[in-house]
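Report on the following structure.
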């Protein structure tokens, strides 16, 4: 068993900040990723459930920040809260880049440690509304698509696992998940512009 398995999150941050051995730093980072990669991705799926590539990029950006700011991490009191704030930054900046309203802000090169309380584009109320909007859209999917999509995206089951549980072929499950993603993109993406165009 890796000895880092028994460390608290704060201890992982402290040791990552203090150690100078490359091998130990890599093992510490690996442990942090193991603990938080799935929870961070799950949180993002409540907002962008149809874009796994974007989710992967945002989560990877968070851990890049952990690595680049490792020397300052000893002062972080709550690693979980710190990581969630970095995630909020990265998510907001990714949305800005996608919308093309302004150039992407790369916070990995800045000198921040504790994330400021208010990101200029992150709104907790907006986040909650988006979660409700996503949940409402998923509920409107046809039953087979909704079940396959929920098991794959929110529950994190593999295509093969869903196929076994649902007694369907893997290709059928892939089709349901793919069609669900396409439908959600239309409902959540272009739906807003259509409504605005009707005003």
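Read-outs: derived from the displayed coordinates by stated rules, not from any lab. Small disclaimer: the values here were computed from a predicted structure and weren't measured. We place every Cβ from the backbone using ideal geometry, glycine too, and count neighbours over all the protein chains shown.
Once the gyration tensor of the Cα atoms in the range 3-109 is diagonalised, the equivalent ellipsoid follows with semi-axes of 26, 15, 11 Å, ordered largest first. A Förster distance of 25 Å, applied to the separation of the beta-carbon atoms of residue 75 and residue 42, puts the FRET efficiency at 0.35.
Model label sites at residue 186 and residue 132, defined 7 Å from Cα along the beta-carbon direction, differ in position by 2.6 nm. Using the average count of surrounding beta-carbon atoms within 10 Å as a protection proxy, the listed peptides 128-140, 71-83 rank, highest first, as 71-83, 128-140. For residue 144 and residue 95, FRET efficiency with R0 = 22 Å and r from the beta-carbon atoms, rounded to 0.05? So the FRET efficiency works out to roughly 0.15. Take the Cβ-Cβ distance between residue 174 and residue 11 as r, set R0 to 35 Å, and report the resulting FRET efficiency rounded to the nearest 0.05. So the FRET efficiency works out to roughly 0.25.
Could you grab the relative contact order for the range 3-109? Cα pairs under 8 Å, six or more apart, rounded to a whole percent.
Values: 78 pairs, mean separation 35.0, N = 107.
RCO, the range 3-109: 33 percent.
Computed over all pairs of different Cα atoms, the Kirkwood value for the hydrodynamic radius of the range 1-49 is 11.8 Å.
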